[in-house]
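Q: Input: one structure, supplied below.
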Amino acid sequence: MIAFISGILEYTGEDSAVVDVNGVGYEIAVSADTISRMPGVDEQVKLYTYFSVTQDACRLYGFLSRDDLSVFKKLLTVSGLGPKGGQAILSVMSPDELRFAILTGDSKAITAAPGVGKKIAERIILELKDRFSDDELTAGTLQTAAPARGLAPDDPGKEAIEALVALGYGGQEAMRAVYAVLGTESGADTETILKAALKELM
């Protein structure tokens, strides 16, 4: 197995990159998000890779971090979702955003990925919710920007997020609003958090 490819970035296309490793060019499938975060052509790059073997082709998929690769591998465990689907999801969502969507049951956010319908999105939430630890699901940029604490199943913050999603708000915007409130309303009950979060969303 090829764990990573490290070399000079030779070329980037719409969904792939070529990395020159000692005179050998490796074509690696990468997401749009990965391409946007890669260094410039002729600069050093390191991609963590997954080697996919199917009846039609063998292909390397590349990611800039081990976390990206880990989430991609988890997506591949979902029945009916292949490497292309997993890459499509990570083209429109960061690993943290995907975790938040799974945590809040926000299938609509996942369907923003090309070729990913509602049934697959709901399956991803159902099959992966237990595959991420509580720390993974509540970690990330929103968590570190807000109170440094997790959300237990009976946490008022989590209950407020679920209530907002039930009212029709997206999981990610609901989480942003609730975390903004938690920064100033420490120890508040669900009703107080929900009312304040609704003001944030207006």
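The values are calculated or read from the model by the stated rules, or taken from the named source; none is laboratory data. Since this is a predicted model, take the numbers as computed values, not measurements. Note that each Cβ is placed from the backbone with ideal geometry, even for glycine, and that neighbours are counted across all protein chains shown.
Q: Which members of the range 63-80 meet the condition of being closer than 23 Å to VAL18 by Cβ and not in a loop (DSSP other than H, G, I, E, B)? Please lay out each step first, then the result.
A: As a first pass, look at the range 63-80 and keep what is closer than 23 Å to VAL18 by Cβ: 63-66, 68-69, 72.
Result: PHE63, ARG66, ASP68, LEU69, PHE72.
Q: Shifting gears a bit: Would you mention how many residues in the range 50-108 are loosely packed, with under 15 Cβ neighbours inside 10 Å and β-branched (Val, Ile, Thr)?
A: Counting residues in the range 50-108 that are loosely packed, with under 15 Cβ neighbours inside 10 Å and β-branched (Val, Ile, Thr) gives 3.
Q: Another question about this same structure. When you scan the range 135-196 for helices (runs of 4 or more DSSP H) that lie fully inside it, which ones turn up with 2 or more residues that are at pLDDT below 70 and not basic (Lys, Arg)?
A: Working: elements: 141-145, 156-166, 171-182.
By residue number, 141-145.
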